[in-house]
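The values are calculated or read from the model by the stated rules, or taken from the named source; none is laboratory data. What you are looking at is a predicted structure, and each value in this text was computed from that prediction instead of being measured. Backbone-built Cβ (ideal geometry, glycine too); neighbour counts: all protein chains shown.
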Amino acid sequence: MAISVRCLFRRSLLIGGLLVVGACGGGGGSADRQPAPVPPAPAPAPTTAELNASSLLAAQATFGMPYEGIEAMARTGNEPWLDAQFAMPVTRHTPIVNDLVTRRSAGEFSNFEQDIEFLIFFRRFGWWHNTITADDVLRQRVAFALSEIMVVSDNVDALIINPYALTNYYDMLLRNSFGNFRDLLTDVTLHPAMGIYLSHVNNRKSDAVNNTFPDENFAREVMQLFSIGLFELNIDGSLQTDGNGQPIPTYSNTEIREFAKMFTGLSYGGPGSSFGNQNPVFQAPMVMFDAFHEPGEKRLLNGLVVPAGQTGDQDIEAAIDNLFNHPNVGPFIGKQLIQRLVTSNPSPEYVERVARVFNGDVSGVRGDLQAVIRAVLLDVEASNPPTPANGGKLREPIVRYAAMIRQFNATSTDGFFFNTGYYVQNVLRQHPLSSPSVFNFFLPAHSPSGELSDASLVAPEFQITTSTTIANMTNVVDFAVNGGFVMDAPDPPFGTVTLDMSDYVAVAGDVDALLDRLNIVVLHGGLSDATRAAIRGVLVDIADLQFRAQTAIYLLLVSPDYAVQT
Amino acid sequence: MINRRRFLGHSCKLGVASATLSSSVLQLGLAREAAAATQQGYRALVCILLAGGNDSYNMVVPNDVDQYAEYAGIRSDLALEQATLLPLAGTTPAGRNYALHPGMAEVQQLYADGELGIMANVGTLLEAVDAQAVESGSARLPLGLHSHSDQIAQWQTAVSDDRIAQGWGGRLADLYDGVNVANGISMNISLGGTNLFQSGNSTVEYAISAEDDGATSINAYDDGSEFGDFRKRMIDELLAVPQSNLLRREYAGRLRGSIDAQAVFVDALQASVTPSALFSPGPFSQSLRQVARVIAARDALGACRQTFFVQVGGWDHHDEVLDNQAGMLPAISLGLKEFRDALIEIGVYSDVTTFTTSDFGRTLTSNGKGSDHGWGGHHLVMGGSVTGGQIVGDYPLLSMNSPLDVGRGIYIPTTSVDEYFAELALWFGVSAGDLDSVLPNVRSFYSPESGTPPLGFLA
């Protein structure tokens, strides 16, 4: 008797990634005689197609999953898995940093801090540990995507030396990942790390005597990068054009100067705060000091006139509203979320479907990020690209590297997955919250010259895929899989992380079984006959099963087939 | 065993070079031009991008009493103290004196020795404009003026009325296709990763690092051991699989290209003499050290024409202009001097021209210790062929009422990037007839048929 699928969903619980299936209620029967309760048949193992579908969602929605996690997701079902993820509490990064700061204050690292203060590592340690171990895997992945749009970076000293600066910023992104975009935009605007990064902390109103003017940095980038972009967009992400076929700028330098006025008067919060305070406080939002806020009327976008005489806080609200309600936001932000998670070249229809969800066309709520993420991941195009030859995205180096660690059940000798990340940052040119500028590591519109630009395709991640970084990525995999070097935290005092490939060694005696398992986990079923044959031909020449398993993993992880997620 | 490629002692003299012209050049219909282009042996352009918009009004400062007073008044808390400035030798044709930021003593000396010139107030323009037309909105202006992404692109593409993916260095390489030995190493070599400047229709940059031999190998690949052979086999067979997905095909091509180029490149560098000139440890100096090494290996690489791209980030000084530049400009000055010494040692100083670029200059007015996005900026050009010791173009008279001011002390450029790059391209060997294929907008400012140089800073 087939188990009712609905029954299975209602009675299963997802706890910490492990599926606990409760028995469904007893089977029905005639009113005359109650038959003896029939124990439910065990839930059928997911089919390979179901495993592949879950593996694909894992690639799009997480930093990677091992076989067990994919299987658990497939048993639950992709949509219930998403529901559970949306409901899961946030795993913040601050507690990791707190713990490390406490340990350091207690002298635990003093014997090892000869050349460098470990304090500056702690933000990075927190990120890596959570990215590898946290259960709210979807939220962690979405926050990372948001960090590539609402960019702050540690290439500013003030944001490196205090580990709470960027940790608090990232926790703010985590908190807002499934909330409302308006709250995200507000919290980004008022975050002290952003105030430092785009220099609107302690930004003063105009001063005619000293011939100084409001700093325009944040005002420009909040429009260009964080909300509406450079040009008026149609709802499907395409550019609107004027009578001459030219794109229509969303703002000019004039609007930037007006917005710059809105973002004056802010300084660090916390007890005893005052304008002009040069000592950053990262655990509280910036606060407004009206005496330093630009007075007078301001003219924003779409004809909005912000009247004189308001408080600075009221002005900020008006500025945020003006941006949030601009019709560009849905396609501008929606398309980038698709690019970060699913594919570099969504069809206009896909973008429009996601933008309409952002706009609240059905729900009536504008800016619901949870609904947007769901729309991005569950869209028909996410699992069925219309033109497979043009589809997919080049996996970004950090996600690819983290996925390797998660997919292969990495273990740590001290239970922590601490990485300074300096090694991968240097050789792969990417590290969370470490981009070279507010323009992230690569531009959404980057189109590699040659076949891709001829086909009018963009592929942002290729912008950091050079002769050097592509060889380095291949070697990073080699070092981890074949060399046992995974993370670069100093050891001692921190533990060593290694991959656990034992499940693959266990099946390596049967080359096809090995490849089948890897095909599910790594390629979500996409292993082509030709690639399979090429790898298989090498594997059968390896007698040692450990080496054979490692070689299979190495080759798949460095392959073009894996590099590009479709 | 790595096959040691025997290098042909490639020479760039006429006759030998034309023998290396490939049929692809003939197919491009550029045989006549290319033959002319190979007349001058080796030439290289070294493009330095100061990314973010260098506040160059604090790099080159008016030093006359009246103009310094204007500078200090307008710049408010951004103004450098006059007593700390390094005076530039000589005066301009208008009789004006200028000085450098205190941290640029090496540049001061290079200028005095006639090896370095200063390009004044260079910026992106579609056509000459005046402040009224700009403010009224009637002027045709570059796209995204004052925006990093557009301006940094336009300084690389030299096209300001469209967003294109090819730079003028890439178009140079397209034009010179076949002049260098075809060994898989691009004419355009980057220490700054992927960049627009060096992207052409049939050219992409070859990106190397400042470390070691610049090109990274795949671990163990073809290293002479038995395992190395096995590693080579497995990677080769993997990359030989045809890919139907375009992104995968691009990836496979890049990885294959990286592996193949690395072998050639490292062999060439190791077969050549490394300059002994010393470079300081900072990233800018180390990048130029690597450029010098590659130039020293030009014969082994079979290169007659090269461009190099070095990027220095962090110039977007909306805050703390003074403190930031105090740390950063000295590194630029020192690096240029060290590079110059290495080029002299190699014997190519007259064949290599080094020039700076940046998204824009910045507002003369302050936002409170910082400046915002501007337009025209001042730049440096250095080399044995440079007619140095002069300020080229028009350093504007600073004034609260300047007719060039379009607001916040942003001055309309008095030299377009097209003119700046045209002089570099012509020196590189581009013929007058080919100039607008490299710089599509050059005719708005310069007529290639005029027979006179655009600006007059390169012999």
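When A:Asp171 is evaluated against the numbered criteria (1) more than 17 Å from A:Met88 (Cβ to Cβ); (2) among the acidic types (Asp, Glu); (3) at pLDDT 95 or above, which criterion, by number, is the only one it fails?
(1)
Within segment A:537-566, count every residue that is surrounded by fewer than 16 Cβ atoms within 10 Å (Cβ to Cβ) and either at the interface with chain B (Cβ under 7 Å from one of its Cβ atoms) or part of a helix (DSSP H, G or I) (or both).
Residues in segment A:537-566 being surrounded by fewer than 16 Cβ atoms within 10 Å (Cβ to Cβ) and either at the interface with chain B (Cβ under 7 Å from one of its Cβ atoms) or part of a helix (DSSP H, G or I) (or both): 4 in total.
Collect the residues in segment A:140-170 that are in a helix (DSSP H, G or I) and under 18 Å from A:Arg395 (Cα atoms), keeping them in residue-number order.
Result: A:Gln140, A:Arg141, A:Val142, A:Ala143, A:Phe144, A:Ala145, A:Leu146, A:Ser147.
Hey, does segment A:520-528 have a residue that's facing chain B (nearest Cβ under 8 Å), touching a Pro at 6+ places or on another chain (Cβ under 9 Å) and not aliphatic (A, V, I, L, M)?
no
What are the residues in segment B:421-439 that are of a type in the set (Gly, Ala, Ser), over 17 Å from B:Ser199 (Cβ atoms) and touching a helix residue (DSSP H, G or I) at 6+ places or on another chain (Cβ under 6 Å), if any?
Passing the criteria: B:Ala422, B:Gly429, B:Ser431, B:Ala432.
Give B:Pro448, B:Pro396, B:Pro413 a once-over and let me know the one that is crowded, with 23+ Cβ neighbours inside 10 Å and either in contact (Cβ under 8 Å) with a residue 12 or more places away in the chain or within 30 Å of B:Tyr68 (Cα to Cα) (or both).
Step by step, each of B:Pro448, B:Pro396, B:Pro413 is checked, and only B:Pro413 is crowded, with 23+ Cβ neighbours inside 10 Å and either in contact (Cβ under 8 Å) with a residue 12 or more places away in the chain or within 30 Å of B:Tyr68 (Cα to Cα) (or both).
Could you identify the single residue in A:Asn419, A:Asn409 that is touching a strand residue (DSSP E or B) at 6+ places or on another chain (Cβ under 9 Å) and more than 11 Å from chain B (Cβ to nearest Cβ)?
A:Asn419
Given the conditions (1) free of Cβ contacts under 8 Å to residues at least 12 places away in the same chain; (2) touching a Gly at 6+ places or on another chain (Cβ under 9 Å), report the number of the one that A:Pro214 does not fulfil.
Here A:Pro214 meets the rest and fails (1).
Among what's in segment B:224-251 and is surrounded by fewer than 16 Cβ atoms within 10 Å (Cβ to Cβ) and outside any helix (DSSP H, G or I), pick the residue that is farthest from the other protein chains (Cβ to nearest Cβ).
Checked segment B:224-251; the qualifying residue farthest from the other protein chains (Cβ to nearest Cβ) is B:Gly224.
Give me the residue from segment B:346-356 that is surrounded by fewer than 23 Cβ atoms within 10 Å (Cβ to Cβ) and touching a residue at least 12 places away in the same chain (Cβ under 8 Å) and, out of that set, farthest from B:Ile295 (Cα to Cα).
The extreme case among them is B:Phe355.
Determine, yes or no, whether A:Arg204 is touching a strand residue (DSSP E or B) at 6+ places or on another chain (Cβ under 8 Å), assigned to a helix (DSSP H, G or I) and either farther than 18 Å from A:Gln283 by Cα or away from chain B (no Cβ under 14 Å) (or both).
For A:Arg204, the condition - touching a strand residue (DSSP E or B) at 6+ places or on another chain (Cβ under 8 Å), assigned to a helix (DSSP H, G or I) and either farther than 18 Å from A:Gln283 by Cα or away from chain B (no Cβ under 14 Å) (or both) - is not met.
Hey, can you tell me all the residues within segment A:465-487 that are more than 7 Å from chain B (Cβ to nearest Cβ) and either in a helix (DSSP H, G or I) or surrounded by 19 or more Cβ atoms within 10 Å (Cβ to Cβ) (or both)?
Residues satisfying the conditions are A:Thr469, A:Met473, A:Val476, A:Val477, A:Phe479, A:Ala480, A:Val481, A:Val486, A:Met487.
Sort out for me the helices (runs of 4 or more DSSP H) sitting completely within segment B:83-170 that have 1 or more residues that are within 12 Å of another protein chain (Cβ to nearest Cβ) and either touching a strand residue (DSSP E or B) at 6+ places or on another chain (Cβ under 8 Å) or surrounded by 23 or more Cβ atoms within 10 Å (Cβ to Cβ) (or both).
The helices (runs of 4 or more DSSP H) meeting that bar are B:148-157.
Criterion first (in contact (Cβ under 8 Å) with a residue 60 or more places away in the chain and farther than 30 Å from B:Gly327 by Cβ) does B:Asp267 satisfy it?
Judged against the criteria, B:Asp267 is a match.
Taking the options B:Ser149, B:Ser138, B:Ser186, name whichever one is over 21 Å from B:Phe360 (Cα atoms) and either within 21 Å of the chain's Cα centre (by Cα) or acidic (Asp, Glu) (or both).
B:Ser186
Check A:Ile132, A:Ile96 and return the single one that is touching a His at 6+ places or on another chain (Cβ under 9 Å), under 21 Å from A:Gly495 (Cβ atoms), surrounded by 17 or more Cβ atoms within 10 Å (Cβ to Cβ) and of a type in the set (Val, Ile, Thr).
Sole residue among the options that is touching a His at 6+ places or on another chain (Cβ under 9 Å), under 21 Å from A:Gly495 (Cβ atoms), surrounded by 17 or more Cβ atoms within 10 Å (Cβ to Cβ) and of a type in the set (Val, Ile, Thr): A:Ile96.
Can you report the number of residues in segment A:441-463 which are touching a residue at least 60 places away in the same chain (Cβ under 8 Å), more than 7 Å from chain B (Cβ to nearest Cβ) and either under 25 Å from B:Phe265 (Cβ atoms) or of a type in the set (A, V, I, L, M, F, W, C) (or both)?
Residues flagged as touching a residue at least 60 places away in the same chain (Cβ under 8 Å), more than 7 Å from chain B (Cβ to nearest Cβ) and either under 25 Å from B:Phe265 (Cβ atoms) or of a type in the set (A, V, I, L, M, F, W, C) (or both) within segment A:441-463 amount to 3.
Which number in (1) more than 14 Å from chain A (Cβ to nearest Cβ); (2) assigned to a loop (DSSP other than H, G, I, E, B) marks the one condition that B:Leu364 misses?
(1)
Considering only segment B:51-71, how many residues are closer than 21 Å to B:Gly327 by Cα and either within 13 Å of another protein chain (Cβ to nearest Cβ) or modelled with pLDDT under 95 (or both)?
3
From B:Gly429, B:Gly384, B:Gly389, B:Gly407, which residue is surrounded by fewer than 24 Cβ atoms within 10 Å (Cβ to Cβ) and touching a Ser or Thr at 6+ places or on another chain (Cβ under 7 Å)?
From the options B:Gly429, B:Gly384, B:Gly389, B:Gly407, the qualifying one is B:Gly384.
Listed residues A:Leu527, A:Leu515; which is assigned to a loop (DSSP other than H, G, I, E, B) and farther than 17 Å from A:Val424 by Cβ?
A:Leu527
Residues to consider are B:Gln262, B:Gln286; find the one that is within 12 Å of chain A (Cβ to nearest Cβ), within 26 Å of the chain's Cα centre (by Cα), polar (S, T, N, Q) and surrounded by 15 or more Cβ atoms within 10 Å (Cβ to Cβ).
Within the list B:Gln262, B:Gln286, the selection yields B:Gln262.
Hey, could you check segment A:422-433 for residues that are surrounded by 21 or more Cβ atoms within 10 Å (Cβ to Cβ) and more than 8 Å from chain B (Cβ to nearest Cβ) and say which is farthest from A:Ile161 (Cα to Cα)?
A:Leu428
Taking the options A:Arg220, A:Arg175, name whichever one is charged (D, E, K, R), within 11 Å of chain B (Cβ to nearest Cβ) and in a helix (DSSP H, G or I).
A:Arg220
For (1) over 25 Å from A:Ala134 (Cα atoms); (2) more than 20 Å from the chain's Cα centre (by Cα), each residue gets a yes or a no:
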| position | (1), (2) |
| --- | --- |
| A:Gly334 | yes, no |
| A:Leu337 | no, no |
| A:Arg353 | yes, yes |
| A:Val365 | yes, yes |
| A:Ile398 | no, no |
| A:Ile405 | no, no |
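Please determine, by comparing only the residues of segment B:392-403 that are away from chain A (no Cβ under 14 Å) and touching a Phe, Trp or Tyr at 6+ places or on another chain (Cβ under 6 Å), which one is farthest from B:Tyr111 (Cα to Cα).
Taking the candidates together, the pick is B:Pro396.
Between a first residue in segment A:236-258 that is without any contact (Cβ under 8 Å) to a residue 12 or more places away in the chain and among the acidic types (Asp, Glu) and a second residue that is surrounded by fewer than 16 Cβ atoms within 10 Å (Cβ to Cβ) and outside any strand (DSSP E or B), which pairs have beta carbons less than 7 Å apart while being 6 or more apart in sequence or on different chains?
A:Asp242/A:Ile248
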